[in-house]
Amino acid sequence: MEKIIFENEFTYKKFMESGKESEFDNLFDSAVKKVKSEFGAKHPLFIGGQEVFSTELLSERSPINGTIIGYFQKGTREHAKAAVAEAKKAFAKWKQTGYKERAKIFLDAAALFSKNKFELAAILSYENAKSRYESMGEVDEAIDFMRYYSVEILSNKGFSRKTKMPQSSVTVSAGFQGAPSDMEKVIIEMKPYGVFGIIAPFNFPISISVGMSVGAMITGNTVVFKPSSTDNMSMLTGYKIYSLLKLAGVPDGVFNYLTGPGSEVGDELVSNPDVSGIAFTGSKGVGLGMISKTYAAGHQKVFVVEMGGKNPAIVSKYANIDDAATGVASAAFGFSGQKCSALSRVYVHESVKDIFISKLIEKTRNMQVGNPLEKRFYTGPLISENAYKVYVDSVEEIKKSGRILYGGERVVSQESGFYVEPTIADLKHDNKLFSKELFVPILLIDTFKTIGEALQKANGTEYGLTAGLYSKNKKEIREFTDGIEAGTIYVNRRISATTGAMVGLHTFVGWKGSGLTGKGTGSKFYLQQFMHEQSISVTQ
Ligand code: NAP
C-alpha cells in the first residue's frame, strides 16, 4: 500500500478558500430536503449482519420542532447478549485480519463518509439541532478519525516490534535472573482484547461514535455499538454509521448496531463477561458508575472512558480583550453550551471586568438563536425538555445570589423546541453552579486579583477537560501551562477559548474527573489502549 499522509477534511474551509460558500449552502440545503423525505422509516437492529426486530419501538423526534425522524428498536438485555455472542464469534477471524487490510477498510469508509458528508451533516442538524457549520465540522472529524487511526496503525506497523538480545561473549547454561539466553528470538506483539462495548453520548453522535468504534476495530477488536437512545436520541446517525461501515467492507458481526436504553442494553454490555472492554463517552456519573459496578462484582474489563467537564477560562489584565470576548462567546455558546469542551466559567481580572463584560455582551448579541437549519441562526434549541429544566432552575439559582447580565429567558420561536438565550451571569465562585456541569448556554463570571488565585479557582472542580487563558504576559502564560489541571488547554485563541480540538493537531483528553486513562483521542497514544502487549520469545 502506498504511503498515506494524514490530512484534515476541512470541508467548509475548502469551500471558502475556493470562493464557493454559496455552493456549500446549496449542497447542505438540498441534503436537508433529501434526508427529510426519508424520515419516518422503521430501522432494525443489526446483530451479526442480520436485521433484528424488537417488540417495542422507540420514536425519535427532532429537537428543532418535534419532526419524526424515525422509529428504532427498543433493544433488550437479550438483544445485547445476542450481539455480544455474534461479536465474540466474529472476533476469531477479525483478529487474524492483518492491520493493513483493516486500515484499508477504514480508509475506504472515510472516503464513503466524505462522499455522503452533506447528507450526514443534514441528519445531524435535525437530530442534534446543530448549525450547518457545527454539523459539517463534526462529520469532518469522524472522517479525520478514520484516516488518522489508519495512518497511525500503518506507520507503526500494527505497533508490534522485534527486540534484539545484546551480544555476549559468555554462554550461560543455567537460568537465573539477568542471564542472557542465546538464540532467543523475541517479538512483542500488540494484540486485541476481544469484544468492545461502545457506549456513545448524544452530543457528538457521529464523530465520537466513529472515533471510539474505529479505535477498537482497527486494532482487531469487534464491537457492539450503542448510540444514545433515551431522551437525547441519536439513533439515525448510528444507523447511517452502520450502513456506511458495512458498505466499506466491515464484515458481519464485527460491528453490531444496538439501540435501546443505557440502563438495560448499556448495562448488559458492562456486565457481560464476554465483553473485554468498554469505550464510553458521557457523563461522569454514568462513567464512574459502570466502572465501580464492574470491579465491585469482581469482574475485569478494560475501560477507555471520557467524561464531563466544567471548563474555565482566565482573562488577565494583559489580555487582548477583543480576542478574549470573541473566544469566550464562541466557546460558551456554540451548540448552545452542549459541547463537553464548552466554556462555562470565566475568571476575569478585576481591573478589566467591566470592559470585558461589555465586549462579551456585544459579541453574544450577534449570536442569534433559532431553527438551526436556517443559515442565519448561530445556534439552535436545547436537546430536550430536561435540558431546558436545568436551564430554568440554574437561572433561578443565579437570581438568588448573583445577577443575570445578559439573557436568561426562553426565546420566542416559530418552532416548538426549547430555544433559550445565551446567558451571562455575575456570580461568586463558591456558588454550587461553579462546580456542576450544566450542559446549557450559561456562562458564569467571577473576578480574581492574582493569577495564582485565578488558577486556584479554575482548578477548583472535580473536572479537568479543557481550559483557556487570555494574557500576553509570558510569565502568566507559563504559570497557566504549568499549573492548570486540564488535558486540553489553549492560550490566546481567538476562535474559541476552550472548544474545537482538531484531529492530528491537538489531543482531546480529560484529566481528573473528565477522563480515565490520560490518553487523548485523535492523537498518538489512543489506539494502544485497545490492545494488550504480548512478549513472545522463541528459541529454535
Ligand atoms: P450520559 O447521559 O452519560 O449517556 C451516555 C451514554 O451512556 C448513553 O448512550 C446512555 O444511554 C448510556 N448509559 C446511560 N446509563 C447507562 C448505564 N447504566 N449503563 C450503561 N450505559 C448507560 O451522557 P449524555 O447526556 O449522552 O452526554 C453528555 C455528557 O457526555 C456530558 O457529561 C459531556 O461532558 C460528556 N461528553 C464528554 C466528552 C469527552 O470527550 N470527555 C465528549 C462528549 C460528551 P441512553 O442515553 O440511551 O440511556
- Note on the structure: Inside the range 281-306, the number of residues satisfying the requirement of being within 9 Å of the ligand (Cβ to nearest atom) and open to solvent by 10 Å² or more (accessible area, probe 1.4 Å) is 10
- Could you please give the count of residues in the range 253-270 that are within 6 Å of the ligand (Cβ to nearest atom) and assigned to a helix (DSSP H, G or I)? 5
- Query: Given the residues Ala387, Ala297, Ala319, which is the only one that is more than 21 Å from Thr466 (Cα to Cα), in contact (Cβ under 8 Å) with a residue 24 or more places away in the chain and over 25 Å from the mean Cα position of the chain (by Cα)?
  - Reply: Ala297
- Set Ser471, Ser496, Ser537: member being more than 15 Å from the ligand (Cβ to nearest atom) and under 30 Å from Glu184 (Cβ atoms): Ser537
- Task: For Glu51, indicate whether it is touching a strand residue (DSSP E or B) at 6+ places or on another chain (Cβ under 9 Å), surrounded by 21 or more Cβ atoms within 10 Å (Cβ to Cβ) and either of a type in the set (D, E, K, R) or in the same structural domain as Ala332 (by TED's automatic domain parsing) (or both).
- Result: no
- Only one residue in Lys191, Lys185 is at pLDDT below 95 and charged (D, E, K, R). Which one? Lys185
- Task: Considering every residue within the range 34-49, establish whether at least one is assigned to a loop (DSSP other than H, G, I, E, B), within 30 Å of Leu382 (Cβ to Cβ) and under 24 Å from the mean Cα position of the chain (by Cα).
- Result: no
- Working only within the range 360-371, note down all residues that are out of contact with any Asp or Glu (no Cβ under 8 Å at 6 or more places or on another chain) and not in a helix (DSSP H, G or I). Asn366, Met367, Gln368
- Give the range 55-72 a look and list any residue that's touching a strand residue (DSSP E or B) at 6+ places or on another chain (Cβ under 9 Å), touching a residue at least 60 places away in the same chain (Cβ under 8 Å) and among the aliphatic types (A, V, I, L, M), or say none. Leu58, Ile69
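Out of curiosity, is Glu421 modelled with pLDDT under 95 and surrounded by 17 or more Cβ atoms within 10 Å (Cβ to Cβ)?
When the stated conditions are applied, Glu421 does not pass them.
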- Item | Residue pairs meeting the criteria (Cβ under 7 Å; at least 6 apart or on separate chains; first of a type outside the set (Lys, Arg), in the range 492-508; second assigned to a loop (DSSP other than H, G, I, E, B) and modelled with pLDDT under 95) | Thr507/Ser523
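This table checks each residue for (1) touching a Gly at 6+ places or on another chain (Cβ under 9 Å); (2) aliphatic (A, V, I, L, M); (3) in a helix (DSSP H, G or I); (4) under 25 Å from Gly500 (Cβ atoms).
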{"position": "Ile5", "(1), (2), (3), (4)": "no, yes, no, yes"}
{"position": "Glu9", "(1), (2), (3), (4)": "no, no, no, yes"}
{"position": "Gly19", "(1), (2), (3), (4)": "no, no, no, yes"}
{"position": "Glu23", "(1), (2), (3), (4)": "no, no, yes, yes"}
{"position": "Leu27", "(1), (2), (3), (4)": "no, yes, yes, yes"}
{"position": "Ser54", "(1), (2), (3), (4)": "yes, no, no, no"}
{"position": "Leu58", "(1), (2), (3), (4)": "yes, yes, no, no"}
{"position": "Tyr71", "(1), (2), (3), (4)": "yes, no, no, no"}
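The values are calculated or read from the model by the stated rules, or taken from the named source; none is laboratory data. Keep in mind that what you see is a predicted model, and the values were worked out from it rather than measured. Backbone-built Cβ (ideal geometry, glycine too); neighbour counts: all protein chains shown. Please note that ligands, DNA and RNA were not included when accessible areas were found on the heavy atoms of the full protein model with its side chains. Shrake-Rupley method; radii C 1.70, N 1.55, O 1.52, S 1.80 Å.
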